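Reviewing the structure listed below.
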Amino acid sequence: MSQSSPERLPREVVGHVAGACLCLHAQRAARALARRFDQALRPFDLTNGQFSLLMALNRPEPPTIGQVAPFLAMDRTSLTAALKPLERRGLVRVEPDEADRRSRRLLISPAGVRALREALPVWRKTHGALEAGLAAGMPDLLRAGMTALTGVAEPARPKDGGRP
């Protein structure tokens with residue numbers, strides 16, 4: 001018995017969706033950026049996600065899982081899973097909140113700060129090359145557009161382009 005193939009959508013519809021779909025374009029760009037930064041951060045045994053997570057924990061007051069998850073646009077379960085390899089390496093600690101034992105605080109360790117400090121020049125170089133390859137003003141437009149889509153308020157960027 002031969003199965004007939006389902007009727008396919010017209011080619012112009014597929015082409016329109018492929019050309020217009022913001023989700024597809026964002027996913028492709030995110031994957032390309034992730035590969036670029038993963039490669040740059042490989043000598044430090046960090047992925048781009050781990051670098052971003054460590055940066056998110058580098059605060060004067062250790063944040064809770066509930067504070068970090070929305071900032072990184074992650075659910076709590078995914079964040080907890082992402083923390084495990086960093087914990088095993090001694091880069092972060094997860095401890096109960098003293099005021100609310102049900103809540104967990106995420107503490108970056110001295111080794112975690114060292115890892116960030118060592119990787120930061122390579123991140124800056126990679127990020128600078130990426131921005132230099134875009135038209136003037138485009139990096140800020142991209143950041144603003146992505147921020148509008150995520151709904152996550154970004155910290156104010158210093159006027160010097162964020163170079164401490």
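None of the figures in this text is laboratory data; all of them are computed from the coordinates on show. Remember, predicted model here, so these are calculated numbers, not experimental data.
Quick notes on this structure:
- Computed over the chain with a Gaussian network model linking Cα atoms closer than 10 Å, the most mobile of Val13, Val94, Val68 is Val13.
- Relative contact order [Cα under 8 Å, 6+ residues apart], segment 46-133, whole percent: 29 percent
- Entry for mean projected area of the Cα convex hull in nm² (calculated from the structure that is shown) out of [x] 15.5; [y] 8.9; [z] 11.6: [x]
- Average Cα contact separation per residue, the chain, under 8 Å, 6 or more apart, as relative contact order %: 19 percent
- Taken over the Cα atoms of segment 46-133, the convex hull encloses 102 Å³ per residue.
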